[in-house]
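This report refers to the structure that appears directly beneath it.
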Amino acid sequence: MAKLDARRVAAFLKDPGPTRAVLLHGEDAGLIRERADALQQAVVGGDDPFRYADLPRDAASKPGALSGEMSALALTGGRRMVRVRDATDGLTAGVKDALNAPGDTLLVLEAGELPSRAKLRALLESHPQAAVIACYRERGAELAGTIASLLREQGVSAEPSALEWLAGRLGEDRMLLRREVEKLALYVGEGGTLGEEDVLACIGDGSTLDLDEALIAATAGEISVADRALDVALGEGAHPVMVVRAALRHIQRLHLASLAMAAGAPPGAALEGLRPPVFFRHKPGFERALRCWNPSSLAAAGDALLEAEKRTKSSSAARPIPDQAIARAAVLTLARQAFAARRRG
């Protein structure tokens, strides 16, 4: 089976079939844990001690340990599952032997990010009875879709603008995301619909609200307001990479609206055409910003932000400039460009 296509993951988690081993790897530890829990529920149905074994990595790395667990029979009948967390290449030989053990026990390995050259990943990607599932953090429209799906599980819906705000602010770890969604569902009640005011009242925190203010002020040329709001956002925990990504999303939306204006639409109509809609509190700031930019200048600003994002993710040895300094420079450069455009206009 090897690498599992993303479109097949949901069905596979409900019924892994005769698969003997599943490797869950990637940057989203919460999603890895959630998918491992789903496999446990599908195979065992809970924490039956006769059908389920959770092995620490050190115990799993001992010679014969995995093979012994994989060939063991459940005293109460039914298929068994063995789960190993924090799996690394050090388990490769043991996993290879375990796949040759008799029985139908399912081995689930939870790992962090593994490059394609990793021995454990290479072994399982080439094995006909194994499945490898990448668990990377969702962003943008994909993340908004997941939030909508999680809300539906709780019997709750959300307006498009509320989903956009949530996708940009809830974070990307699946377990943290699920907890926040459950809190939202309790707030609005089963059968309710989350609006902009609801999400702002329930989970709006200082760092994200100040970051919104900083970006809107920056693109409107309000340098001192942007600087103060950015100070507060960074001081309250906004990560520099998150700042740059949020700035890029903001510029991309302004670019779409600017293109509509270039085609003849007034500012209000250009904003109304954005999907998801602009958050109601941000519309005046968006309109001020649109008067400072044109499509070509916004495209150039987007390219500069992409470069800034690369710089925040490069190694510290090659990049002595702190991440916060890069993020701050990127946002304040937008503010200075917008201010210059205001003076010219």
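The values are calculated or read from the model by the stated rules, or taken from the named source; none is laboratory data. Note that this is a predicted model, so its numbers are computed, not measured. A quick note on method: Cβ atoms are made from the backbone with ideal geometry, for glycine too, and the neighbour counts reach across all protein chains shown.
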Checklist line | Residue that is farthest from PHE339 (Cα to Cα), among those in the stretch 226-257 that are surrounded by fewer than 21 Cβ atoms within 10 Å (Cβ to Cβ), in contact with a helix residue (DSSP H, G or I) (Cβ under 7 Å, 6 or more places away or on another chain) and modelled with pLDDT of 85 or more | finding: ARG245
Check: How many residues does the stretch 258-284 contain that are surrounded by 15 or more Cβ atoms within 10 Å (Cβ to Cβ) and free of Cβ contacts under 8 Å to residues at least 12 places away in the same chain?
Finding: 2
Item checked: So THR193, is it buried (at least 18 other Cβ atoms within 10 Å of the Cβ), in contact (Cβ under 8 Å) with a residue 12 or more places away in the chain and β-branched (Val, Ile, Thr) -> no
Notebook entry, point to check: Here is a list of conditions, (1) of a type outside the set (Val, Ile, Thr); (2) closer than 16 Å to ARG57 by Cα; (3) assigned to a helix (DSSP H, G or I), and ALA141 meets all of them except one; can you say which number that is?
Noted result: (2)
Next item on the list: Could you list all residues from the stretch 69-91 that are surrounded by 15 or more Cβ atoms within 10 Å (Cβ to Cβ), closer than 28 Å to ALA29 by Cβ and either in contact with a His (Cβ under 9 Å, 6 or more places away or on another chain) or small (Gly, Ala, Ser) (or both)?
Entry: ALA87
Notebook entry, point to check: Out of curiosity, is GLY155 more than 30 Å from LEU211 (Cβ to Cβ) and free of Cβ contacts under 8 Å to residues at least 40 places away in the same chain?
Noted result: yes
Notebook entry, point to check: Does the stretch 157-170 hold any residues that are crowded, with 18+ Cβ neighbours inside 10 Å and either at pLDDT below 90 or closer than 22 Å to GLY30 by Cα (or both), and which are they?
Noted result: SER161, ALA162, LEU163, GLU164, TRP165, LEU166, ALA167, GLY168, ARG169, LEU170
Notebook entry, point to check: Among the listed residues ALA327, ALA317, which satisfies the condition of being at pLDDT below 90, outside any helix (DSSP H, G or I) and not charged (D, E, K, R)?
Noted result: ALA317
Notebook entry, point to check: Regarding ALA98, is this residue closer than 27 Å to ARG281 by Cα and surrounded by 14 or more Cβ atoms within 10 Å (Cβ to Cβ)?
Noted result: no
Next item on the list: Could you check the stretch 188-279 for helices (runs of 4 or more DSSP H) lying wholly inside it with 1 or more residues that are within 19 Å of the chain's Cα centre (by Cα)?
Entry: 196-203, 206-219, 240-262
Item checked: Search result, residues across the stretch 114-138 that are in a helix (DSSP H, G or I) and either modelled with pLDDT under 90 or basic (Lys, Arg) (or both) -> LYS119, ARG121
